[in-house]
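Data first, discussion second: the structure below is written as structure tokens.
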Ligand SMILES: [Zn+2]
């Protein structure tokens, strides 16, 4: 999984950003395995039209740094659950615990 790292501050972003939104630094590309652990999770019981119901979202701290918001199609994991973030064919981040 490719991430963009700011050399001037601790920001880690996903591709699409052209510069660091916090300090304007020029981002460099790094690779993460996608492995990480859940630091927060929630379940939307009234999601937007066309979304899965319930709609489960997790924040994952990636090994090597950076946090990503991901869908959790396999259930609602607890904080500390280890797993992997993968990109779906649609480009969405999915947490596989
Ligand atoms: Zn920065």
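Computed quantities for the displayed model
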quantity: Options 48, 22; residue that is modelled with pLDDT under 95 and more than 18 Å from residue 76 (Cα to Cα); calculated: 48
quantity: Unique residue being in the same structural domain as residue 85 (by TED's automatic domain parsing) and part of a loop (DSSP other than H, G, I, E, B) when the list is 46, 38; calculated: 46
quantity: Residue identified as surrounded by 11 or more Cβ atoms within 10 Å (Cβ to Cβ), away from the ligand (no atom under 13 Å from the Cβ) and modelled with pLDDT under 95 among 32, 37, 11, 56; calculated: 32
quantity: Pairs, first touching a residue at least 40 places away in the same chain (Cβ under 8 Å) and outside the structural domain of residue 59 (by TED's automatic domain parsing) in the stretch 2-20, second assigned to a loop (DSSP other than H, G, I, E, B) and surrounded by 12 or more Cβ atoms within 10 Å (Cβ to Cβ), C-beta under 6 Å, six or more apart; calculated: 3/32; 3/66; 12/65; 12/66
quantity: Among (1) crowded, with 16+ Cβ neighbours inside 10 Å; (2) assigned to a loop (DSSP other than H, G, I, E, B); (3) modelled with pLDDT under 95, the one test that residue 3 misses; calculated: (2)
quantity: Test: residue in the stretch 61-81 that is within 16 Å of the ligand (Cβ to nearest atom), assigned to a loop (DSSP other than H, G, I, E, B) and surrounded by 15 or more Cβ atoms within 10 Å (Cβ to Cβ); calculated: yes
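The values are calculated or read from the model by the stated rules, or taken from the named source; none is laboratory data. Given the structure is predicted, the values throughout are model-derived calculations rather than measurements. Every residue, glycine among them, receives a Cβ derived from its backbone with ideal geometry; neighbour counts consider all protein chains shown.
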